[in-house]
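Take a look at the structure set out below.
The values are calculated or read from the model by the stated rules, or taken from the named source; none is laboratory data. This structure is a prediction, so every number in the text was calculated from the model and none was measured. Using ideal geometry, Cβ is built from the backbone for each residue, glycine included, and neighbour counts are taken over all protein chains shown. Areas reflect the complete protein model, heavy atoms only, side chains present, ligands, DNA and RNA absent. Shrake-Rupley method; radii C 1.70, N 1.55, O 1.52, S 1.80 Å.
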Amino acid sequence: MTERAESPVEPWCLRERGLNLDLLARSESLFALSNGHIGLRGNLDEGEPYGIPGTYLNSFYEVRPLPYAELSYGSPESSQEVVNVTNAKLIRLLVDDAPFDVRYGRLLRHERVLDFREGTLTREADWESPSGCRVRVRSTRLVSFTQRAVAVIEYVVEPIEASARLVVQSELVANEPIPPRSGDPRMAAVLENPLSALDQDLHDRGAVLLHRTRLSGLQMAAGMDHLVEAPAEVSVDSAAMDDWARITFVCRLQPGQALRIVKFVAYGWSSMRSTAALRDQVAAALTGARHTGFEELLDEQRSYLDEFWAGADVRIDGDPRLQQAVRFALFHVLQAAARAERRCLPAKGLTGPGYDGHTFWDSEAYVLPVLIYTQPQAVADALRWRHSALDLAKERAATLGLRGAAFPWRTIGGEECSGYWPASTAAFHINADIAAAVTRYRSVTGDETLEIEVGLELLVETARLWISLGHHDLNGVWHIAGVTGPDEYTAIVNDNVFTNLAAAHNLRSAAQAAERHPSRARDLGVTVEEVAAWRHAADAVNVPYDNDLRVHQQSAGFTRLPPWDFEASRDRYPLLLHAPYFDLYRRQVIKQADLLLAQYWFDRLFHDEDKARNVDYYERRTVRDSSLSAAVQAVTAAEVGHLELAYDYVCEAAQIDLRDIEHDSGDGMHIASLASVWTALVAGFGGLREHEGQLSFAPQLPDRITRLSFTVRRRGLRLDVDIESGRATYGLRDKTDSTLALRHHGKEITVTAGNPVTQPISKRRPLLPRPPQPPGREPSRQR
């Protein structure tokens, strides 16, 4: 029997009481565990029932063809698809002769807890078999942050009222069936049984399976080993074939006795290493995990997370639900990035197959800005991964007839995987987003090493792209034509403001970096004339402005496009499923924050009055058919004094997956949206900005938050910011002799370790009334 699941609001965990089989896919995403290298969906231990079974290795993919009605020059011929790899989560249980399956017998109690401080998923089930034999099952699952290749499961079974024969089958299963996700038979054929068996290694209490993808040629190994404890004799049997291995434990226990099995799991993959090397790698990881032991792995996990939360936690008084949501969000962001180590950061992390496992501009624009202040090493790894794909980006630029590097709109391995030009390849701003991440990293961390080793080359090659893409008109004004900005409902436009300003920032940053490292710049072929051209273009960039409406134009001519009939679309969102793209492209309707994103990123280039009018104008036209939009709108609404509107947007962003607002959380978490919750709170209500290498704050709180506290890491220091009604306090931890200069509402202050500085806050009055949104698209909380 199943029941409606309940989730009480708790500050440091996500708890589910009961089990709703209709929402399994969603809960599997919510309860997923990952360390950035290994991802385990929150499937039930016994494997069935399931929504979407899923075990993922970062950047382990299969190739599939891209279908086109008509071929065109430069269009990618294939895409990459994340593979559901060998499942090592499986632990099946038979009680006497009845398989433990929540769909049969009576499920008397079921509870799962995702603990944000412990980094574990725990499960407790009280179940009665169809024949009336009752058992209690407890499991604890962990994907290690400290031992990158390792996961571990503790599985405990206890008879309750009568003795029982317990049979536990711990398994490795490759090529497990998954629900179809596409009607394209070519895609289905590729993803059905994507792994070809190479070898098996079996011993008394463990096994290793080795496989290769059929088309991409990537090799992987998955292994398991076990510790067993019981007050009675336990018999052990082992077996293996090409696609499965099974270790079976059998014993008879009395009520109150328990069988405890600790399953150690390890994964490895490579495109270059031999089968033997992968087998040995996994065997070594298992040996290391067994040597460490389950309890110490738990201690290591807690210590790792203690250090993370000490520099990343956001504390909220007045809204317990938002408090839980922001910690849930930050935990999943950490899981997506912590040990990715020079591989991509997928839009869904390693929590599900959504977006085919691809990474997008979301990573550099939404995720890395948060990690820079909370987990900077993960940012360095992510940018080194981008640099590893630089040659592919340069080849792509050459195919497009451009110089420099054209980074892919969506990819896993570095090749362009999008077959739709207007909303993908034409969005060249991905290159400037990467460049912005390079400059932010240096500014926040003070680390010059990354810039010297990879950052300068990224800046130079992206700058070269912009020079070849843009042009000066007869008056010397620099334009970028035929591109798509962040708003995917307004494609192939001229002078998109975000793109133009981001490109100008890219060009200036490249020039400055080249001057900081002249020898390295010469090695890259940078000349004095080239640097001058970068600066000249950046200084002459066009920023379209409507003098009649007194607002910035999202792109040249945008404010003169025909309006969209929002009233007729009230119940037809997302619009891309109900309207042709050509009609969306030619009207004033916005999928996600675009001009407002430019206003946030480059805030010093916009006057206060223009900011207020821009928010008023674009709020009325933005439908938020993208999960990326709400947090940016929260930041810009807060900046112009619409604090309660900003609060509503923060709540929507925070609940994107917890409430499944977009009805697709079953495919995996929205990692960029979850990251942006931190941005909405810290940059929105905290007013955090980075200006010329100096932190700046302009804190304001909405009525429903009585206190907001957070910590940001900067150049080896941790700055604590504590905001209450009427005041903000800044304090430094760590070194006793450290100081930090910053701005509070434009005022210069200096904070010294051990001597917090408190400054008053005067509430900003908005220049204009709170703007309405398109009918039916008010922030989720408001509705």
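Structure values in brief
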| read-out | value |
| --- | --- |
| Output for segment 492-522, where each listed residue is under 21 Å from Asp447 (Cα atoms) and free of Cβ contacts under 8 Å to residues at least 40 places away in the same chain | Arg508, Gln512, Glu515, Pro518, Ser519 |
| Segments classed as helices (runs of 4 or more DSSP H), wholly inside segment 566-664, with at least 2 members that are buried (at least 20 other Cβ atoms within 10 Å of the Cβ) | 595-601, 608-619, 629-639, 643-654 |
| Residues of segment 259-278 satisfying the condition of being buried (at least 21 other Cβ atoms within 10 Å of the Cβ) and not β-branched (Val, Ile, Thr) | Leu259, Lys263, Phe264, Ala266, Tyr267, Gly268, Trp269, Leu278 |
| Inter-residue pairs, beta-carbon under 6 Å, first in contact (Cβ under 8 Å) with a residue 40 or more places away in the chain and in segment 162-173, second assigned to a strand (DSSP E or B) and open to solvent by 10 Å² or more (accessible area, probe 1.4 Å), 6+ apart | Arg165/Arg252; Val167/Leu94; Val167/Val250; Gln169/Arg92; Gln169/Arg246; Gln169/Thr248; Glu171/Arg246; Val173/Trp244 |
| Residue identified as within 25 Å of Asn506 (Cα to Cα) and more than 11 Å from the chain's Cα centre (by Cα) among Trp309, Trp385 | Trp385 |
| Single condition Ala426 does not satisfy, out of (1) within 29 Å of Gly666 (Cα to Cα); (2) in contact (Cβ under 8 Å) with a residue 12 or more places away in the chain; (3) out of contact with any Asp or Glu (no Cβ under 9 Å at 6 or more places or on another chain); (4) surrounded by fewer than 23 Cβ atoms within 10 Å (Cβ to Cβ) | (1) |
| Selected residue (only one of Arg403, Arg396 is surrounded by fewer than 24 Cβ atoms within 10 Å (Cβ to Cβ), among the charged types (D, E, K, R) and in a loop (DSSP other than H, G, I, E, B)) | Arg403 |
| Failed condition for Arg442, given (1) of a type in the set (D, E, K, R); (2) assigned to a helix (DSSP H, G or I); (3) over 30 Å from Leu719 (Cβ atoms) | (3) |
| Of all residues making up segment 717-746, the number that are open to solvent by 30 Å² or more (accessible area, probe 1.4 Å), of a type outside the set (Asp, Glu), in a strand (DSSP E or B) and farther than 21 Å from Ser443 by Cβ | 1 |
| Checklist (1) open to solvent by less than 60 Å² (accessible area, probe 1.4 Å); (2) touching a strand residue (DSSP E or B) at 6+ places or on another chain (Cβ under 7 Å); (3) not acidic (Asp, Glu) applied to Asn494, failing item | (1) |
| Filtered residues of segment 471-490 (kept if open to solvent by 10 Å² or more (accessible area, probe 1.4 Å) and either touching a residue at least 40 places away in the same chain (Cβ under 8 Å) or not in a strand (DSSP E or B) (or both)) | His472, Asp473, Leu474, Asn475, Gly476, Val477, His479, Ala481, Gly482, Glu488 |
| Failed criterion for Val85 (all others in (1) assigned to a strand (DSSP E or B); (2) of a type in the set (Val, Ile, Thr); (3) out of contact with any helix residue (DSSP H, G or I) (no Cβ under 8 Å at 6 or more places or on another chain) hold) | (1) |
| Close pairs (6 angstrom Cβ cut-off, 6 or more residues apart or separate chains): closer than 26 Å to Leu330 by Cβ in segment 278-306, open to solvent by 50 Å² or more (accessible area, probe 1.4 Å) anywhere | Glu300/Thr146; Arg302/Glu118; Tyr304/Thr146; Leu305/Arg117 |
| Only listed residue being over 30 Å from Gly414 (Cβ atoms) and surrounded by fewer than 18 Cβ atoms within 10 Å (Cβ to Cβ), chosen from Glu111, Glu128, Glu46 | Glu111 |
| Options Arg123, Arg136; residue that is touching a residue at least 24 places away in the same chain (Cβ under 8 Å) and under 19 Å from Arg165 (Cβ atoms) | Arg136 |
| Meets criteria (basic (Lys, Arg), within 25 Å of Glu300 (Cβ to Cβ), assigned to a loop (DSSP other than H, G, I, E, B) and open to solvent by 10 Å² or more (accessible area, probe 1.4 Å)) for Arg117 | yes |
| Any hit, segment 555-564, residues being touching a helix residue (DSSP H, G or I) at 6+ places or on another chain (Cβ under 6 Å) and open to solvent by less than 80 Å² (accessible area, probe 1.4 Å) | no |
| For Asp433: the one exception among (1) of a type outside the set (Lys, Arg); (2) within 24 Å of Val379 (Cβ to Cβ); (3) in contact with a Ser or Thr (Cβ under 8 Å, 6 or more places away or on another chain) | (3) |
| Selected residue (criterion: nearest to Phe331 (Cα to Cα)) from residues of segment 669-719 that are without any contact (Cβ under 8 Å) to a residue 40 or more places away in the chain and out of contact with any Phe, Trp or Tyr (no Cβ under 7 Å at 6 or more places or on another chain) | Leu717 |
| Leading residue by the ranking (nearest to Gln377 (Cα to Cα)) among those in segment 339-349 that are open to solvent by less than 10 Å² (accessible area, probe 1.4 Å) and more than 9 Å from the chain's Cα centre (by Cα) | Ala340 |
| Neighbours by Cβ (under 7 Å, 6+ apart or cross-chain): first from segment 616-631, free of Cβ contacts under 8 Å to residues at least 40 places away in the same chain; second in a loop (DSSP other than H, G, I, E, B) and crowded, with 24+ Cβ neighbours inside 10 Å | Ser629/Ala593 |
| Considering residues of segment 751-765 that are open to solvent by 60 Å² or more (accessible area, probe 1.4 Å) and not charged (D, E, K, R) only, the residue farthest from Asp737 (Cα to Cα) | Ser762 |
| Residue identified as closer than 24 Å to Trp601 by Cβ and touching a helix residue (DSSP H, G or I) at 6+ places or on another chain (Cβ under 8 Å) among Gly686, Gly746, Gly693 | Gly693 |
| Selection within segment 32-82 - part of a loop (DSSP other than H, G, I, E, B) and among the hydrophobic types (A, V, I, L, M, F, W, C) | Ala32, Leu44, Ile52, Phe60, Leu66, Ala69, Leu71 |
| Flag if Thr411 is under 28 Å from Ser59 (Cα atoms), out of contact with any helix residue (DSSP H, G or I) (no Cβ under 8 Å at 6 or more places or on another chain), modelled with pLDDT of 95 or more and open to solvent by 10 Å² or more (accessible area, probe 1.4 Å) | no |
| Single residue of segment 313-328 satisfying the filter (part of a helix (DSSP H, G or I) and touching a strand residue (DSSP E or B) at 6+ places or on another chain (Cβ under 7 Å)) that is nearest to Ala32 (Cα to Cα) | Phe328 |
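So that you can scan it fast, the table gives a plain yes or no per residue for (1) open to solvent by less than 10 Å² (accessible area, probe 1.4 Å); (2) basic (Lys, Arg):
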{"position": "Glu295", "(1), (2)": "no, no"}
{"position": "Tyr304", "(1), (2)": "no, no"}
{"position": "Arg315", "(1), (2)": "no, yes"}
{"position": "Gly318", "(1), (2)": "no, no"}
{"position": "Gln323", "(1), (2)": "no, no"}
{"position": "Val333", "(1), (2)": "yes, no"}
